[in-house]
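The values are calculated or read from the model by the stated rules, or taken from the named source; none is laboratory data. Nothing here was measured: the structure is a model prediction, and the numbers come from that model. All Cβ positions, even for glycine, are placed from backbone atoms using ideal geometry, and neighbour counts span all protein chains on display. Surface areas here come from the heavy atoms of the whole protein model, side chains and all, with no ligands, DNA or RNA. Shrake-Rupley method; radii C 1.70, N 1.55, O 1.52, S 1.80 Å.
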Amino acid sequence: MATREAAIKAVSNYFETGGFQTELADRVAVRTSSRELEHQKELTRYLDDLMRARFEAMGFTVEIYRNEMLERAPFLVAKRIEDPSLPTLFCYGHGDTVPGEDGCWSEGRDPWALTVAQTPSGERWFGRGTADNKSQHAINMEAMRHVLQTRGRLGYNVTFLIETAEEMGSPGLEEFCRKNRDLLAADLLIASDGPRFSTDGPDIKLGTRGGLNLRFRLEYRDGGHHSGNWGGLLANPAIVLMHALTTLVSRNGEILHPGLKPGQIKPSVSAALANVTVTSGPDDPEIDPWWGEPGLSGAEKVFGWNTFEVLSFITGDPVKTQNAVPPFAEAICQIRFVVDTDPDTFLPLIREHLRAQGFDGITVEPARMSMLRASRLDPEHPAVAWAVTSIEKTTGKPVTVIPNAGGSLPNDIFLNIIGMPTIWVPHSYTGCSQHAPDEHVLPHLMKEGLQMMTGLFWDLGDGFPES
């Protein structure tokens, strides 16, 4: 029968009989590491060999577009038009991954093969891209396919965009979306990326923090010099750079410069986060309560505030350490920021601050091709309550509404440039080891994700939420 319950039952059976596992294995096997030039052909293969056929089987027309900023990372746009007068849903995913880190995975696992294993914490599906982001857009595509098979139609139009450079900061995406605003125009975005706040219940996020990576470099001379003969006479760039960074962030992780953080958390955001308690799961590290902005809850630190992190620090030769004063020091740092701050001020502010502190020789430049800006949909938008109602109907569990994710995604482009409300429904969890060896997903979250998205896509056919 063509009912919501029948569609959810069908997608549940698809998962239980191994269909989704096979689908995810096919995707993981394509080595779509966008940062490594040797895998550039795999990015196109993922779109042309895997995605094209799957979308066309659902009645979509598919075009692959050149990325004018990064040619090796094209875009796929799939469109299904049931009636031009109907509203349009926009979906997004990224087929690229971070490097596989072959040889670094536990028990000799191949990052490019889906491996199902029992661990002390339960069953895990290991593989690069399982959590970020291949399983997540696969869930949404399969949920939509089951709605189509059950109902015979969706009851609305769909535009699905898959990019292949998100793990590099989505270079070229903003330019592509500005140039093709009419092609991509839609009434609502529903997409999935990042982790759930908790494995116990679903959540939705209405935007993301932004992310800016910066390279700090201090170079004093051409080569190292014997530390016995020259130590105490030659300035050590590593020590100087470390002290420079401590003028920006304290030993407790508090941002020290007021221009790098918001003045306050908006009351509506504080209210939304009041019932959110951040805790460590079984596979998560223990939270350090003394770290970060004093006076804020854990949820406010992650979802409502800015953070400054040192991602890497290099000086001398870390592999073959020499007894020499190093010639240079370099740190890659990152600022995660909410919509209440202007990231365009960060770089000139930091440069001026270092000069004022006497650190004239330190250069500061962007460390990525592009910056992901912060964005946030108003929690009172009608689409939020609609999505909560649909997911709660499917799962029988309360849904946590989080104003924005702690991580970064190109949501600003969709919300503010194309101009559509944005709802993110994550299917992973915080302990998934994304961007690290042993990346994995939890099968029960995959199954529940398929059920939730099938319910959402079914309910859209009964009427879009009012804008």
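Does the range 4-20 hold any residues that are loosely packed, with under 14 Cβ neighbours inside 10 Å and in contact with a Lys or Arg (Cβ under 8 Å, 6 or more places away or on another chain), and which are they? Passing the criteria: only Glu16. The residues on offer are Gly253, Gly223, Gly228, and the sole one that is part of a loop (DSSP other than H, G, I, E, B) and at pLDDT 95 or above is Gly253. Could you list, in sequence order, all residues of the range 75-98 that are touching a helix residue (DSSP H, G or I) at 6+ places or on another chain (Cβ under 9 Å) and open to solvent by 20 Å² or more (accessible area, probe 1.4 Å)? Passing the criteria: Lys79, Arg80, Pro87. Got at least one residue in the range 130-138 being at pLDDT 95 or above, part of a loop (DSSP other than H, G, I, E, B), small (Gly, Ala, Ser) and out of contact with any strand residue (DSSP E or B) (no Cβ under 7 Å at 6 or more places or on another chain)? Within the range 130-138, not a single residue is at pLDDT 95 or above, part of a loop (DSSP other than H, G, I, E, B), small (Gly, Ala, Ser) and out of contact with any strand residue (DSSP E or B) (no Cβ under 7 Å at 6 or more places or on another chain). Looking at the range 425-467, which of the residues that are among the acidic types (Asp, Glu) and within 23 Å of Ala117 (Cβ to Cβ) is surrounded by the most Cβ atoms within 10 Å (Cβ to Cβ)? Out of the qualifying residues, it is Glu439.
If you scan the range 251-307, which residues turn out to be among the acidic types (Asp, Glu), farther than 25 Å from Ala356 by Cβ and touching a helix residue (DSSP H, G or I) at 6+ places or on another chain (Cβ under 9 Å)? Give the derivation first.
First, pick out the residues of the range 251-307 that are among the acidic types (Asp, Glu): 254, 283-284, 286, 288, 293, 300.
In the following step, the residues that additionally are farther than 25 Å from Ala356 by Cβ were identified as 283-284, 286, 288, 300.
Scanning the range 251-307 gives a single hit, Glu300.
Of the residues making up the range 21-34, those that are open to solvent by 10 Å² or more (accessible area, probe 1.4 Å) and outside any helix (DSSP H, G or I) are Ala29, Arg31. Considering Glu63, Glu101, Glu123, which residue is touching a helix residue (DSSP H, G or I) at 6+ places or on another chain (Cβ under 7 Å), at pLDDT 95 or above and open to solvent by 50 Å² or more (accessible area, probe 1.4 Å)? Glu123 is the lone residue from the list that is touching a helix residue (DSSP H, G or I) at 6+ places or on another chain (Cβ under 7 Å), at pLDDT 95 or above and open to solvent by 50 Å² or more (accessible area, probe 1.4 Å). The range 277-390 holds strands (runs of 3 or more DSSP E) entirely within its bounds, and those carrying 2 or more residues that are buried (at least 17 other Cβ atoms within 10 Å of the Cβ) map to 307-315, 328-337.
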